[in-house]
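Sending over a structure as structure tokens; questions will come in a sec.
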Amino acid sequence: MLPRARFDHPAFSPMSVVTRFAPSPTGYLHIGGARTALFNWLYARRMGGKYLLRIEDTDRARSTPEAIDAILDGLNWLDLQHDGEITYQFARAPRHREAAEQMIARGTAFHCYMTAEEQEAVREKSHAEGRALRSPYRDGKAPPSPDASYTVRIRAPDDGDVLNADLIQGDVRIKARDIDDLVLLRADGNPTYMLSVVVDDRDMGVTHVIRGDDHLTNAARQIVIYRALNWTPPLFAHVSLIHGDDGKKLSKRHGAQAVHEWRDMGYLPEAMNSYLMGLGWTSGQENLTKEEAAPLFDLAKVGKAPSRLDFKKLDSVNAHFMALADDQRLAKLTLAHIEQRDGVTLGGAERIALANAIPVLKKRAKTIPDLADQARFVLIKRPLALDEKAQSLMKDEFKQRLQRLHAHLSKETAWDHVSLGSALKAFATEEGVGLGQIGPGLRAALTGGAPAPDLGQALELLGRDEALGRIADQI
Ligand code: GLU
């Protein structure tokens, strides 16, 4: 007997909820996985329980340390912190073998000596009889030779139904005879995925298995294994998959799917969480943080229909969280984005200009790249290179007006957007024209055609010297 798993610690009361996220480290953390992790996190927090993390690294050919890092990195970025230590599945193979032995001792599993060819023939025969695979060795038939190699299979029940009272999908009944005598240990003694998941969930004290509905049919098989071990199965909640905006299964052509790609696209993690929780769960409220959502989260309100990715909606959720985000944090993210995008290092004055612009600009930006774009006008150097449209506004007559405006603004003592806005209005009255006759040209002079907020704000953000300098450059 191996030492008892640490999850048998008394702190894990059998009555308290334990959820887990169990990714296979064969690639990046995908959006579907991130949502699964989030739902597990939310449900555990809702119930005052624990949310555990298990890395299912039993597929030695496909599991890589880089993929483990990428998954942990994605979860960290989303701030989905698990409780306790990470469980690595491969390291627990001896415990999985022990459980298989336990089943053999109980008569619910057996040594199976079928060769691959035999298996095919038997499968065909079983199917012809209207049942799943039944091994000829299930009832104690002698091995073909004393040293014949064998797998360990479960002796699947023949009668009755296997019921998964799924918390999301509703009752899912499968006839027991439709479930194979599943392999539990391969000929090399290695446990199969189906066995490892059951033993790990049991030892980790998992009460609720919340995962993608691509595992729905596995639930019935796993329930059969639980029964064969005389263990009570956990409750299952299979979340429907995420589809593209066209309703089709998510694929590359729908755009980014890995969490790190969303980060690179300039979405904030709190916005991602807020958006992801809405893929399947109806909370009735918009823009919840995961902390706000936790007390409201309810598996009964997770829908059965596949949800659809909607980038426009994600943009609007992100815009909401951008406006709320800390200025220094946004400045850092925007700076990093600009430096990487343009392959430059911004100097001290530019960093200050950028930092000053963030509190104003963040209210109008959808993403970090968008914010970087909005901030471009404070970073460009005099004399500005005007784009074609901006250039076309610089007629001689307008230049004379700009000269008068320069003189008018030079007298302005308070360089803040409210005073500057009033000064512009007063100037327009003096000139006997509407603001529409001044605005576009002034904007062109100040930004060269780059996006910018309203003129009062733009003037304030540039500062007196820079703003007057840019105007003077056009006169
Ligand atoms: N490792 C499985 C996967 O990544 C999940 C298994 C489970 O949640 O039971 O699809």
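The values are calculated or read from the model by the stated rules, or taken from the named source; none is laboratory data. Keep in mind that what you see is a predicted model, and the values were worked out from it rather than measured. Don't worry about glycine lacking a Cβ; one is built from the backbone with ideal geometry, like all the others, and counts go over all protein chains shown. All accessible areas refer to the heavy atoms of the entire protein, side chains included, with ligands and DNA or RNA removed. Shrake-Rupley method; radii C 1.70, N 1.55, O 1.52, S 1.80 Å.
For the cross-link pairs Lys366/Lys425; Lys381/Lys425; Lys50/Lys301; Lys175/Lys304, which exceed 24 Å when the distance is taken from alpha carbon to alpha carbon?
Beyond 24 Å: Lys366/Lys425; Lys381/Lys425.
What is the antiparallel percent of DSSP beta bridges lying wholly in the stretch 112-250, to the nearest 5?
The antiparallel fraction comes to roughly 70 percent.
Non-local amide H neighbours of Leu167 (under 5 Å, H modeled in plane, Pro and chain starts lacking H): which ones?
Hits under the 5 Å cutoff: Phe236, Ala237, His238.
So, one more: Taking 51 Å as R0, compute the FRET efficiency from the Cβ-Cβ separation of Ala105 and Arg341 and round it to 0.05.
After rounding, the FRET efficiency stands at 0.20.
OK, next. Per q in 0.11, 0.14, 0.15 Å⁻¹, report the Debye log10 I(q)/I(0) for the stretch 133-237, using one uniform scatterer on each alpha carbon and no solvent.
For the stretch 133-237 at q = 0.11, 0.14, 0.15 Å⁻¹, log10 I(q)/I(0) is -0.37, -0.58, -0.66.
Which residues' amide hydrogens lie under 5 Å from the amide hydrogen of Val162, considering only partners 5 or more residues apart or on another chain, with H built in the peptide plane?
Ile174, Lys175, Ala176
Sort the following peptides by mean Cβ neighbour count (other Cβ atoms within 10 Å, averaged over residues), highest first: 305-313, 449-457, 398-406.
Descending packing order for the listed peptides: 449-457, 398-406, 305-313.
Ranked highest first by average number of other Cβ atoms within 10 Å, how do 32-41, 171-180, 197-206, 214-223 line up?
Answer by packing, highest mean first, reads 32-41, 197-206, 214-223, 171-180.
What FRET efficiency comes out for Glu261 versus Asp158 if R0 is 51 angstrom and r is the Cβ-Cβ distance? Round to the nearest 0.05. Let's see the in-between values first.
Details: r = 48 Å, r/R0 = 0.95.
The value I calculate is 0.60.
Here is a further query. On C-alpha positions alone, give me the angle between the axis of helix 31-46 and the longest principal axis of the chain, in degrees, nearest 10.
Helix 31-46 and the main axis of the chain meet at about 80 degrees.
From the backbone phi of the stretch 149-155, what are the Karplus-calculated ³J(HN,Hα) couplings (6.51 cos²θ - 1.76 cosθ + 1.60, θ = phi - 60°) in whole Hz, Gly and Pro given as x?
So the J values, rounded to whole Hz, are 7, 9, 9, 10, 10, 7, 8.
So, for the stretch 36-127, what is the accessible surface per residue at a probe of 1.4 Å, expressed in square angstrom?
Value for the stretch 36-127: 47 Å² per residue.
Sorting check: for 17-24, 324-331, 425-432, which peptide has the highest mean count of neighbouring beta carbons within 10 Å, and how do the rest follow? Intermediate results must be reported in sequence, preceding the final value.
Details: 17-24: 23.8, 324-331: 15.1, 425-432: 12.9.
For the peptides 17-24, 324-331, 425-432, the packing ranking is 17-24, 324-331, 425-432.
Would you grab the residues whose amide H sits under 5 Å from the one on Ala109? Only those 5+ places off in sequence or on another chain, please, with H modelled 1.01 Å from N.
Ile104, Arg155
Helix 396-410: angle to the longest alpha-carbon principal axis of the chain, degrees 0 to 90, nearest 10?
Orientation of helix 396-410: about 90 degrees from the principal axis.
Roughly what angle does helix 193-203 make with the longest principal axis of the chain, taking Cα atoms, 0 to 90 degrees, to the nearest 10?
80
While we're on this one: Could you work out the relative contact order of the chain, using alpha carbon pairs under 8 angstrom and six or more residues apart, expressed as a whole percent?
Values: 735 pairs, mean separation 61.1, N = 475.
About 13 percent, as a whole number.
With +1 on each Lys and Arg Cβ and -1 on each Asp and Glu Cβ, how big is the dipole of the stretch 44-178 about its Cα centre, in debye rounded to the nearest 20?
480
Antiparallel DSSP bridges in the chain: what percent, to the nearest 5?
So the antiparallel bridges amount to about 55 percent of the total.
Calculate one ³J(HN,Hα) per residue across the stretch 165-173 by plugging θ = phi - 60° into the Karplus curve 6.51 cos²θ - 1.76 cosθ + 1.60, and present them in order as whole Hz with x for glycine and proline.
7, 5, 6, 10, 7, x, 5, 10, 10
Short version: what are the Cα gyration tensor semi-axes of the stretch 246-333, square root of 5 times each eigenvalue, largest first, in whole Å? If you can, show how the numbers build up before the last one.
On the way: eigenvalues 102, 74, 18 Å².
Taking √(5λ) for each Cα gyration eigenvalue gives 23, 19, 9 Å.
Continuing with the same structure: Tell me, what % of the accessible area of the chain is carbon and sulfur with a 1.4 angstrom probe?
Summing carbon and sulfur atoms, their accessible area is 51 percent of the total for the chain.
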